[in-house]
Each structure stands twice: as structure tokens, then as C-alpha cells.
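Beneath this line is the structure, given in C-alpha cells, with notes to follow.
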Amino acid sequence: MKGPLFNSAVVLAGIYVFLKFILPLFTAPLPASLIFLYLALTFSALMIFYTMSGESLESFMGPVQRFLTGEGQTGVANIARVLVFIVFPLLVGWQTYTKLAPSDDPPPESRTIHPAPPGEFVGLANPYPKNNQTIQEGKGIYASNCSPCHGENFDGKGIAAVGFNPPPANFADSGTIAQLQESYLFWRIKKGGVGLPIEGMPWKSAMPRWENELSDEKIWKVIIGEFDGAHQSPRTWEEEE
Amino acid sequence: MKNHDTLKLQSWLPKVKASSLSGWSVFLAFLLLPAFVWAQDAATLAMQVEYRDVPGIGSRNLIWIVAQQHLLLAGFVLGVPIFAWICEIVGWKTNEPRYDKLAKEFTKLLTSAYATTALFGGILLFLLIGLYPKLMAYLSDIFFPSFIAYSILFLLETATLYLYWYGWDVMQGKKKVFHLFLGFLLNLFALGIMMIPNSWATFQASPVVVTDGTAIERAWAAMQNPTWWPVNIHRFIANIVLGGFICGAYAGVRYLQAVTKEERERYDWMGYVGNFIGVFGMLPLPFAGYWLMREVYQYNQQMGITLMGGFLAWLFILQAMLIGVLFLGANYYFWMGITYRVPGVAESYKKPILAMLIVLMVSLAVWMTPHSLVASLQEARQMGGTHHPLLGVFGVMSAKMTVANLMILVTFISFLMYWRAGKQETAAWAKIAKAVMGALLVIAGLAVIVLGVWGYFVPAIIRINYFSVAQVLIVLFIMVTFTPLTALLMKSAKTTTEMIWGQMPVRAGYTLVSNAVMVILLMSLMGYARSSSRVHWHIYGVMRDTSEYAYSPALGYAAAFMSLNTFVFCMIVAFIFWVATMGDKATQGTEHGQPEDSPVKIPGGVAPAIAGGSPREGQTFVNPVPMNKNEDT
């Protein structure tokens, strides 16, 4: 029974079980799109490895070919072959039907995370220096305005966070504000979700338009406070200190 | 006043009537007077036309197709001379006629490809002038001196190409050096021909507008825009890759069509050379791309974000997939080469190949993992957003740079492995050298990973300026030191298993074709991304697109156009190859029928770096592995 075909099936099944059932024991479940991607890559790797030589190609594809052509098959094997020919198209049809049938589920999202800021916000520099005073002022503004959603630990887990989809950004994650310049944050805080550009619509952001509540000075200072609190540094083109 | 004028006219008219021929002429002129006025009005109106449209297909789509075909053909006619020239030099240095023959065969294609490229260039120019007159007027005003330089370079290139091609057989022997010099000039002019239009395109994305100074000063300032040199370098390397892989694809198709043993050997070897040059160019290409994107970000953060974090970001996931397939294809071809061309050694390489395949696949999986995942509402809720808490870290540049470097490193190891297959080092210091190389490889791989992980914990500027650069330098150091070291080792090495050409399975031919298609798709994809990053601007921040096509098309729509462009280009190239080789087929018609098991005279020895050790000139052997033609059926 052992051979390239069996090994491939075991590897594919093993990876599927790991991604689908074992990994979620330690972290959040993976979306189906990612599991499919990783399985497709694994399948490609197996195809490459087992078609490297004539012998391995024969032992990999030979059984499949013989089964499908019915070469030398009698009795149960032949019935199994006929069953495959009947069941396989039905499975494909069922899969197609479930994909196309009307459903109440919203379609998967391919959301753009970082929309491009308008030109007037590009290249702005924070006019306030980073020192103890501005950090404390910034954190104070953050505590009273931002922490209910973005969390007192800057981790996106504020008390109101559960009510939002997508959830508020986790500033402690190195993939969020650490990737951005201060001018970008200034734009996003000042203009909020309604100020997002038309490219890449529709947007999903419940971020308030803070320019109605906070002055520019307070916005710049809250940016200083956020970076310090999240232990991140803004993206710059100049090296600091 | 009016009445007075009328009277004057009335008093003048009888005089006109009195005269004969001249009078009629003046009379006719009067009749045509409104036409002159209308013509003047029409001219004024024509000057005010900003856009014209083409019914059905639309002006933008038409320009998209023609410009893409012109660019791909230009990449081909600029890449192939580099390829041909390198082959010619190798043939000259190693005294191997087959390299010279290969170079000549591809130069022959240039003459017809060159005319087709110029044809598409002319069509593109007419269409641009007709459909985008305002934009072209502005660009002409700025770049006119460069148009003159471009025309002169074009003339020089054409003259040099004719001399290079028609003088090939005459300039042999002592005159070969002069022919090589012509090849150098051909590539030098070609470089200029590529760089000048690059400045027009990059100006549109990152304009430098100077209003003072002479026309030449203004044009020169506009040419030296921030993304000009990164695009020059990136396109130059990409053209080498395109030239190499198209040569490989040509060889692949001819290999699949081959009926005689001689043909199989010839096109197998040609496919190898094409793949080698393609891979050779592909290894530094990601570095050039990284530099270009860095310059884009530095020029304008908004544009950088539009490309890599905004609505065009999904194109970079497609790019990862295409590059991944290309890397896999190139490695697969090397590995099959070890299995089929060096009989008996495959088993000993099985485990290293498996290890390299796993590294490549894991790297590709990381590269293809998007920052924000495609997830249903329920899945997004379970993850706490579209970022996965664990795998979300793969979505940022630190991870992508790391795996890109690892893939380059693995591909380079594949090449080294192929080169050394079937050889036994005899140098006294070989053992130490191999141990040092092995240790360095492990250290380099670990260093790339450590820098990648560390990159998450430092400010972005430190990662971009130091860590990413260090990763690139580590990989380049390995390539630059290992290549001459291996060449030195192979110089005194004993051949234990002779390399056999013409034994590769048919899937090797398809792999070569697939590699070429991937490169063309990649060029179409990233060309679109670069161009689209200007969004609704003809010239970013200077001249706004006010046409009805000032919107960015949906990504699926754009992807369909990229596929269409790739298909059309493949058809054009196939046509060029067909036309150019029509005569060869007629003359080769009688050269059939070498028996399978007869001694095969293998084309001579090779420079170690380019062909991985084949038998020396004149060596013969009996083919030990019969070709199984049914293997892949």
C-alpha cells in the first residue's frame, strides 16, 4: 500500500488536520481560503517531488491511471471504479451547487487595510516633540477618548470593542501603527471612517471623525501617547536620535 | 459705419467683375472666405481637444493593449541582444561553436522582432497623439530634446543591428573582437533606447517639473526624476530574464517537436542555457524591485500605500504566486536536469532536493499569506478581525523579504548542485572548501531568518535601511563568493558520470514554456500596478485625468486584460519564431534518422559557470538511458 500516492494522501490529510483542528487549539481558527492555499501549495510540492524521475512518476500516477482506465481490473475493483465515475461528478455538482446557491451569509471580504491618504496629509511632521510632558498629555487624551475601543493597554480590547466588526486596531501589534508614519495616523484620527477615500470602497470603519472633538494639537499629542503606550515607533525616513 | 463699408464694397465689386481671370480668382476667394474662417475655428477647436475616444473598446483599453505589446516586445528585443552577446562571448572565450551558433540563431530573430516592436511603437505614438492630445502636448513640451536623442539612438541601434547580424559570418577569426564590440554597442544603444522612454513613464509617476532654464535643462531635470534609475535597473535586469526564459521556451517547444536525437540534444542544451540566463537574472531582480518600491515610498507615501497597502495590494499577492511558480519552475528544471542528464546520481540528491523543496514551499506559503485575510463574517469573528493573531505576522514586509531571500538562496544552491552533479573534486583543499561553504550557507540562512524576525522589533527605518539591506548583502555575498570557488573546484574535478543531453522528459519542455509565460504575466501585472499607482492622474499631482476613464478598473477586469495581453504577446512571439525558422525547417528536412543506440557526438565542453559540465569537445559515448517517449503520456 505504501508508495508516493499513499504518502501524498497522508501528507495532505495530516496538514489539513493540523491546520483545521490542531492549530485552533492554540490560536484562532484559520479561514478556509488560507487552508485551501496551504493545501494547494502542499499538493504542488508533492507533484513536483514525485514527478522528478520516471520511476517516481510511474509509482505516483501509475495506480491512478490504471484505476481510471480499468487496466487489469475485475470484480470489486471494477465496481469501485464505476462508483467513482458516478460519485465524483455528483460531488463536483454538489460543491458547485453549494457555492452558487443563494445564501444569507455575507460574501468573504477582501478588505484593504491601509487606504492611501489624501495628498494634503502626506509628509506632515508632528510639530510637538516627544517628551514626558507630551507623552503624558497624549496618554491622557487617549484614556478619555480612545481607550473605550482601542483598550487601555493599546491592544484593541476596549470595553466597547466587542461591538465592532472589524474590531478596533491593536496598536501593540507590529503590523498596525508601527508600519505607518505619524502623518497617516493624524489623517485617520482627524477624518475618521467617513473621510476614507473612494478608492477601494466600500469601507468598513466606525472610527469617529475626531476633528469635531479634538484640536490638531491634541491629535498630534495623542499620536505621541499611542506610540509610547503601545511600545512602537512611527515609520520615518529619518533615523531618530 | 457699416453702411459705409458696404458701399465701399459695392463700389469695388464692379471693378472685380470687369477684370477677367484674376477677377474670378478673387471672387472664388470670397466664396471660400467662410471656409477659411471655419478652418481657423476648427483649428482652434482641435487645439482644445483633450481626449478622443474609440467606440466599443474605449481609448484607455486600446492604449493599454498596444502599450503593453510594445513594452513586452521592447523587453524582448532589448533582452535578446544581451542574451546573444553573453552567449557569443562564452563561445569566443571557450572556443565552442555551439554558443556562437546559438547567439546567431537568436540574433536572427531580432531583425523581425525589431520591426514588429517599432511597428507597435509607431501605432502607440499615433494613438497617444490622437486619443490624448493634451497630455502628449505637455509631455512633448517638456521632453522634446529627449525625442531627438531617442531618434538618434534608434538610428544608431538599427545600423548596429544590421552590421551585427549581416556581418556575423564575415567577422570571424581575428575580426571576432570587432564583432563583439558591435554587440557591446548594440546593447549600449539599446540601454539608451530603454532609458529615455523610461524617463517619460517615470516622470508621469514621480514628476520633477522645472520651469526655468533651457529646453535641454528642463528635459534633463524631468528625466532625472526619483524613480527613473530604479526603473532603469529593474527593467534592464527583467529584460535579461525575459530574453533568457523566452529562449528557454523556444528551445522547449523545439524540444517537444524534435524527431531526431541530434535535435533533442541541441534543444535540450539550448533550453538549459536559456533557463540558466533567466535564473541568473532572476536572482537579483527582487532586490531591484525592493529598491524601486523603497524609492516610491520615499517619493510619495500616498503612492506607496496605494500600491502595497491600498487597493492595489492584492496584485502583490498575485505577484508572489507568479514569482513562486517561476522559482519552482526554475528549480524543478534544475532538479530534473540532475535526474535525467546525470544518470545514477539522482538517488543521492533526493534528500537535499526534498529539503530544498520544503524550504521553497514554506517560503512561498509565507510570501502568499496576505496581511488581511479573505474570510467570511463568521471566520473574521473567530479571528477577531481579518488579521490572524498568529499568521498575521506573515503579512508584513519583514516576513516577505526574509522568504524572498531564502528562495533566492535555495535556487542558487540548486544551481550549484546541478553544476557539481556527476563530478568528483580532486583538489587537496576540496574537503575544507566544501565544509566552509556548507557552514557559510547555514550561517547565511540563519542570519537572514534572524534579521527577518528581529525586523519586527525595530523601527521601520532601521529594518529598511539596515536589516533588509543586510539580508540582500548576505545572499549576494554567498553568490559572489561561491561561484568562483565552485568554478575553481570544478576545474580540477574528475567527471564520474557524463552529462547526457536530449534525455529530459517532455514535462521539462512544458516547464520551460511555463517559465516564460510566468515572466510575461509578471511583467504585465507589475507594469499595470506601477501605472495604476498614479490613480486619477496622467502626471501625478500635475495633470489630472479628466477623461471618462479616470477611474481605476476592478482588479478582476484588470487581471483579464493582463491575461489577454500575455496571450497576444505569446502569439506574436510564436509568429516571429515561426517566420524566422521557416527557412531552417526546409533545409533540415533531409537530416533525419540517427539510430537511438548509435554513438552520439556530444557538443563540446563548456564554461563551468554556464553549462554545468558537459563532456569535452569531440568526446563520444553510447547513450546509456534510452529515451522513454511514453513516459509523460
Say whether the condition of being away from chain A (no Cβ under 14 Å), surrounded by fewer than 21 Cβ atoms within 10 Å (Cβ to Cβ) and within 25 Å of the chain's Cα centre (by Cα) is met by at least one residue in the range B:449-461.
no
Residue under question is B:Val366, and the condition is that it be free of Cβ contacts under 8 Å to residues at least 40 places away in the same chain, more than 7 Å from chain A (Cβ to nearest Cβ), assigned to a helix (DSSP H, G or I) and aliphatic (A, V, I, L, M); does it hold?
yes
Under 6 Å by Cβ, and 6 or more places apart or on different chains, what pairs join a residue from the range B:212-223 that is closer than 9 Å to B:Ser199 by Cβ with one that is of a type in the set (A, V, I, L, M, F, W, C) and assigned to a loop (DSSP other than H, G, I, E, B)?
B:Ala222/B:Val208
Here is a check on your reading of the model: is B:Met407 touching a Pro at 6+ places or on another chain (Cβ under 8 Å), part of a helix (DSSP H, G or I) and either within 14 Å of chain A (Cβ to nearest Cβ) or free of Cβ contacts under 8 Å to residues at least 24 places away in the same chain (or both)?
no
Hits in the range A:169-208 (condition: of a type in the set (S, T, N, Q) and within 11 Å of another protein chain (Cβ to nearest Cβ))
A:Asn170, A:Ser174, A:Thr176, A:Gln179, A:Gln181, A:Ser183
Given (1) in a loop (DSSP other than H, G, I, E, B); (2) within 8 Å of chain B (Cβ to nearest Cβ), index of the condition A:Leu124 fails:
(2)
Any residue at all in the range A:85-95 that's more than 8 Å from every other protein chain (Cβ to nearest Cβ), surrounded by 14 or more Cβ atoms within 10 Å (Cβ to Cβ) and among the small types (Gly, Ala, Ser)?
no
Only one of B:Ser533, B:Ser552 is within 14 Å of chain A (Cβ to nearest Cβ), surrounded by 16 or more Cβ atoms within 10 Å (Cβ to Cβ) and under 23 Å from B:Pro286 (Cβ atoms); which?
B:Ser533
B:Thr386 fails exactly one of the following numbered conditions: (1) more than 19 Å from A:Pro168 (Cβ to Cβ); (2) within 13 Å of chain A (Cβ to nearest Cβ); (3) among the β-branched types (Val, Ile, Thr). What is the number of that condition?
(1)
The one condition A:Pro107 fails out of (1) surrounded by fewer than 16 Cβ atoms within 10 Å (Cβ to Cβ); (2) more than 10 Å from chain B (Cβ to nearest Cβ); (3) part of a loop (DSSP other than H, G, I, E, B) is (2)
Quick one: is B:Arg254 among the basic types (Lys, Arg) and farther than 30 Å from B:Gln204 by Cα?
yes
Counting just the residues of the range B:321-363 that are among the hydroxyl-bearing types (Ser, Thr, Tyr) and in contact (Cβ under 8 Å) with a residue 60 or more places away in the chain, which one comes out nearest to the other protein chains (Cβ to nearest Cβ)?
B:Tyr332
Write out, first by first residue and then by second, each pair whose Cβ atoms fall under 6 Å of each other, whose residues are 6+ apart or on separate chains, and whose first residue, in the range A:29-52, is within 7 Å of chain B (Cβ to nearest Cβ) and over 18 Å from B:Glu379 (Cα atoms) while the second is buried (at least 20 other Cβ atoms within 10 Å of the Cβ) and of a type in the set (Val, Ile, Thr).
A:Met52/B:Thr339
Residue identified as surrounded by 22 or more Cβ atoms within 10 Å (Cβ to Cβ), at pLDDT 90 or above and in a loop (DSSP other than H, G, I, E, B) among B:Met504, B:Met499, B:Met518:
B:Met504
Can you find a residue that is more than 8 Å from chain B (Cβ to nearest Cβ), surrounded by 18 or more Cβ atoms within 10 Å (Cβ to Cβ) and of a type in the set (Lys, Arg) anywhere in the range A:131-152?
yes
Among residues of the range B:169-179, those that are assigned to a helix (DSSP H, G or I), modelled with pLDDT of 90 or more and surrounded by fewer than 18 Cβ atoms within 10 Å (Cβ to Cβ), counted
3
From the set of residues in the range A:1-58 that are assigned to a loop (DSSP other than H, G, I, E, B) and hydroxyl-bearing (Ser, Thr, Tyr), which is farthest from the chain's Cα centre (by Cα)?
A:Ser53
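One line per residue, one yes/no per condition, for (1) basic (Lys, Arg); (2) more than 20 Å from B:Leu406 (Cα to Cα); (3) surrounded by fewer than 22 Cβ atoms within 10 Å (Cβ to Cβ); (4) under 21 Å from the mean Cα position of the chain (by Cα):
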position	(1), (2), (3), (4)
B:Pro286	no, no, yes, yes
B:Gly289	no, no, yes, yes
B:Tyr297	no, yes, yes, no
B:Met303	no, yes, no, no
B:Leu312	no, yes, no, yes
B:Thr339	no, yes, no, no
B:Val342	no, yes, no, no
B:Glu347	no, yes, yes, no
B:Ile358	no, no, yes, no
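If you scan the range A:130-159, which residues turn out to be of a type in the set (Asp, Glu) and within 11 Å of A:Lys221 (Cα to Cα)?
A:Glu137
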Test A:Gly70 against the stated conditions and say whether it is free of Cβ contacts under 8 Å to residues at least 12 places away in the same chain, within 14 Å of another protein chain (Cβ to nearest Cβ) and either on the phi < 0 side of the Ramachandran plot or out of contact with any Gly (no Cβ under 8 Å at 6 or more places or on another chain) (or both).
no
Which of (1) in a helix (DSSP H, G or I); (2) within 12 Å of chain A (Cβ to nearest Cβ) is the odd one out, the single condition B:Ile413 does not satisfy?
(2)
Only one of B:Leu312, B:Leu285, B:Leu318 is aliphatic (A, V, I, L, M) and within 11 Å of another protein chain (Cβ to nearest Cβ). Can you tell me which?
B:Leu312
Given (1) of a type in the set (Gly, Ala, Ser); (2) buried (at least 21 other Cβ atoms within 10 Å of the Cβ); (3) touching a helix residue (DSSP H, G or I) at 6+ places or on another chain (Cβ under 8 Å); (4) within 7 Å of chain A (Cβ to nearest Cβ), B:Ser376 misses just (2)
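The values are calculated or read from the model by the stated rules, or taken from the named source; none is laboratory data. Every value quoted in this text rests on a predicted model; they were computed, and no experiment measured them. Neighbour counts are summed over all protein chains in view; Cβ atoms, including those assigned to glycine, are modelled from backbone coordinates with ideal geometry.
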